[in-house]
1. For the stretch 88-108, state whether one or more residues are modelled with pLDDT under 95 and part of a helix (DSSP H, G or I).
2. Can we say Val64 is assigned by TED's automatic domain parsing to the domain that holds Gly152 and under 29 Å from Leu174 (Cβ atoms)?
3. Quick check: is even one residue across the stretch 170-191 farther than 26 Å from Val29 by Cα and at pLDDT below 90?
4. List, please: which pairs have Cβ atoms under 6 Å, are six or more places apart or on different chains, and start with a residue in the stretch 184-206 that is within 20 Å of Ala16 (Cα to Cα) and end with one that is at pLDDT below 70 and in a helix (DSSP H, G or I)?
5. Can you confirm whether Val78 is out of contact with any Phe, Trp or Tyr (no Cβ under 8 Å at 6 or more places or on another chain) and either in the same structural domain as Ala144 (by TED's automatic domain parsing) or under 28 Å from Ala191 (Cα atoms) (or both)?
6. If I ask for residues that are out of contact with any Phe, Trp or Tyr (no Cβ under 9 Å at 6 or more places or on another chain), within 20 Å of Arg67 (Cβ to Cβ) and surrounded by fewer than 18 Cβ atoms within 10 Å (Cβ to Cβ), which ones from the stretch 140-160 would you list?
7. Can we say Val148 is outside any loop (DSSP other than H, G, I, E, B) and under 21 Å from the mean Cα position of the chain (by Cα)?
8. Just to check your reading of the model, which residue among Trp125, Trp195, Trp104, Trp172 is farther than 30 Å from Ala8 by Cβ and loosely packed, with under 14 Cβ neighbours inside 10 Å?
Amino acid sequence: MSKLARPALHAALTVAGLVLLVLGTWFTVHLGVSGTASFRTTPRDGVVVLEPSVLNRVDGPVTVAARGAHGQPLFLGVATPEDAEAIVDGAQRTTVSGLRLRDWSLRTSHSGHGPAPALGSADIWRAVGRGAGTVRLSISQTAAPESVVVTGQDGGSAELSSLTVTMHRPAWFLESLLVAVVGLLALVAGAFGLWRAHSPTSRKES
């Protein structure tokens, strides 16, 4: 290897190691030992529809937790995407369609303008959750794809103080930790190579 190529390789190794170390450490801290990722948002008033692109993007269970503002009772229902779309129809809605890793939030969009329909009496629901405070539903992935619809308990607008989607996979912690360790080793190796290339002893030997 030429004298010019070697420092360039060491510099690239140092930069790559630093990037991997930062990313691995960031994910390790956020996921914790349990490997749990939580994504949050505060939707506008209306119906909230969580799509399969959020609920069914991992193999393990996903928990949806909705908290009503001012203690408002809520209704949460699990249905097929087609049934959820049909029953919500043109009502004012917040659609949750993705995740943002940079701030651990849910990506949302808004559409519709009509009132929320009465959903609780429909026969499309595979599972339901009702109550005041924080109401939770678990998606097991066995019947994917699925959507979750959130409204007020009587079918009115859902006034939420928070909406959280939580995913749990213990392997995520180990994978993040491994990335951080590989990054640290690459950073040390690259920095040591650069130090040797610029040290007086190395220049004398060359």
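1. The answer is yes; a qualifying residue exists.
2. It is true that Val64 is assigned by TED's automatic domain parsing to the domain that holds Gly152 and under 29 Å from Leu174 (Cβ atoms).
3. No, the stretch 170-191 contains no residue that is farther than 26 Å from Val29 by Cα and at pLDDT below 90.
4. Once the first residue is within 20 Å of Ala16 (Cα to Cα) and sits in the stretch 184-206, its partners that are at pLDDT below 70 and in a helix (DSSP H, G or I) give Arg196/Ser202.
5. no
6. Ser157, Glu159
7. Answer is yes for this residue.
8. Trp104
The values are calculated or read from the model by the stated rules, or taken from the named source; none is laboratory data. Just so you know, these numbers come straight off a predicted model, no measurement behind them. Quick reminder, even Gly has a Cβ in these numbers, built from the backbone with ideal geometry, and neighbours come from all protein chains shown.
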